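To start, the structure itself, in structure tokens.
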Amino acid sequence: MILTSEQVRKIAALARIKLTDDEVEKFRKELSVVLDYVSELEKVNTDGVEEISQVTGLENVLREDTARLSEFRDAIIASFPESKDGFLKIKSIL
């Protein structure tokens, strides 16, 4: 499948990428090769093949997210130039 220059420009616009005329020609050829490869993959018979999302069998081990005070909180506040009511005071940024 050979893409046209207009199709490449549309893809670039959707991706918000500016392309020169030389780049359009380059990507026209390269994207066409990728699409041809995907077409070949679509021909593979996958009947009876179980869908998987990963092959290692590993699972994420997550700890429960709990809020807690840092043991260094008082030292950090003490070393900061200004604080008020236990919070760091900074200049406003506009």
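The values are calculated or read from the model by the stated rules, or taken from the named source; none is laboratory data. Source: prediction; values computed, not measured. Here Cβ is always computed from backbone atoms with ideal geometry, including for glycine, and neighbour counts include all displayed protein chains.
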Among the candidates Glu40, Glu59, which residue alone is in a loop (DSSP other than H, G, I, E, B) and either free of Cβ contacts under 8 Å to residues at least 60 places away in the same chain or surrounded by 10 or more Cβ atoms within 10 Å (Cβ to Cβ) (or both)? Glu59
Could you tell me whether Leu19 is touching a Leu at 6+ places or on another chain (Cβ under 8 Å) and modelled with pLDDT of 90 or more? no
For the stretch 62-94, give me each residue that is in a loop (DSSP other than H, G, I, E, B) and among the hydrophobic types (A, V, I, L, M, F, W, C). Leu62, Ala67, Leu69, Phe72, Phe80, Ile90, Ile93, Leu94
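Which of the residues belonging to the stretch 43-56 are among the acidic types (Asp, Glu) and either surrounded by 10 or more Cβ atoms within 10 Å (Cβ to Cβ) or over 29 Å from the mean Cα position of the chain (by Cα) (or both)?
Asp47
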